[in-house]
């Protein structure tokens, strides 16, 4: 009998890639979706998946809706990818970020404990929880948390609640501490997609410059399509645990910019990039770099797509969107 999976955040970046993977493995996939007057299925359409998923209406800040959905579906696996995930915006919407990212996870776990305790649960944690901790230049599962944004703080709450329900109630719950992962499906407000979209607009003659904040920040960037494989593998193990997922390498925002302009065949990126104080964060996280040895050893997982190829993939996709050559 086919396994049943419920994915929250189905309309975001990771949800479609995960749904594609699960469908290839003969899962029945449900996608949790808030009630929209005009829902945006662009990311699912990009992968040709919209008609292959059964949508259920609910909201992470509405515990009753989550209780009802879990009770009815009884999923074998639940992947919580929903979040207010824009770090910069979390200072302006700290309360909403906390309600969705922290309390929403508590509500999901409570629903599983009450109505479907055998469901295997994946929580999308984040490298932003580490913040200023750079032990040995890398972060792994033993690195202490020091979040530097309301987003990071909300995710630390969710992380420990996930651990707590595993240790207190015996639920199969896993945290995937994913470092930055990108794709052509990335939201336009995120710096990587903002860069590739901006470059494509300049190439197409629709823009004259690109406004950015801190070019010195370094991140461990991988491909979202690779990272959803790690999510799935975590829930297939005999015992639940928490895993850091990343490439083990890092690059600055400036390196991303340079490559993006190069792949769009636009010389001298400095002519177009404007450093805009509006995009500077109140508290910066200068460097993040994963040590994913545990995921490689236990899950057999390792990032496949290189940084260069990731940037090229995103640039090519945005050039195509604007018919820029």
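Hey, could you get me the Stokes-Einstein D for region 212-252, Kirkwood radius over alpha-carbon pairs, 4 °C and 1.567 mPa s, rounded to whole µm² s⁻¹? Don't jump to the answer; show the numbers that get you there.
Details: Rh = 12.3 Å.
Reported coefficient: 105 µm²/s.
Which translational diffusion coefficient, to the nearest whole µm²/s, is obtained for region 128-192 from the Stokes-Einstein equation, given a Kirkwood hydrodynamic radius over C-alpha pairs, 37 °C and 0.692 mPa s?
On the way: Rh = 13.6 Å.
Estimated diffusion coefficient is 242 µm²/s.
Given the C-alpha centroids of region 285-325 and region 144-195, what is the distance between them in whole angstrom? A separation of 17 Å, based on Cα centres. From largest to smallest, the equivalent ellipsoid semi-axes obtained for region 1-155 from the alpha-carbon gyration tensor read 27, 17, 17 Å. Calculated on the alpha-carbon coordinates, the convex hull of region 253-316 measures out at 121 cubic angstrom per residue. Note on region 181-305: percent of Cα-Cα distances in each 5 Å bin, starting at 0 and stopping at the bin with the largest distance, equals 2, 10, 17, 19, 16, 13, 9, 6, 4, 2, 0.
Distance from the Cα centroid of region 82-115 to that of region 225-250 is 21 Å (rounded to whole angstrom).
Using only DSSP helix segments of four residues or longer, with each worth -39500 (n - 2.57), what per-residue ellipticity at 222 nm results for the chain after dividing by its residue count and rounding to 500?
On the way: 10 runs with 114 residues, N = 325.
Calculated at 222 nm, the ellipticity per residue is -10500 deg cm²/dmol.
Between the helical axis of 191-203 and the longest alpha-carbon principal axis of the chain there is an angle of about 40 degrees.
Provide the percentage of antiparallel DSSP beta bridges, counting only those with both residues in the chain; round to the nearest 5.
Roughly 5 percent of the DSSP beta bridges within the chain come out antiparallel.
When Rg is the radius of gyration of the Cα atoms in region 28-119 and Rh is its Kirkwood radius, what does Rg/Rh come to? Here the Rg-to-Rh quotient is 0.98.
Report the equivalent ellipsoid semi-axes for region 132-248 in whole Å, largest first, defined as the square roots of five times the eigenvalues of the gyration tensor built from alpha carbon atoms.
Details: eigenvalues 218, 58, 33 Å².
Result for region 132-248: semi-axes of 33, 17, 13 Å.
Counting only alpha carbon atoms, the long axis of helix 14-24 and the longest principal axis of the chain meet at about 60°.
Mind pulling up the Rg/Rh value for region 85-186? Radius of gyration and Kirkwood radius, both on Cα. Radius of gyration relative to Kirkwood radius: 0.99.
Output the antiparallel fraction of DSSP beta bridges having both residues in region 170-325, as a percent to the nearest 5. Before the final figure, lay out the partial values.
Values: 2 of 11 bridges.
Of all bridge pairs located within region 170-325, approximately 20 percent are antiparallel.
Between helix 253-263 and the chain there is an angle of about 70 degrees, using the helix long axis and the longest principal axis of the Cα atoms. Computed over the chain, the convex hull of the alpha-carbon atoms projects to a mean area of 16.2 nm².
Values quoted throughout were computed directly from the atomic coordinates according to the rules given, and no laboratory measurement underlies them. Because the structure is a prediction, the values reported are computed rather than measured.
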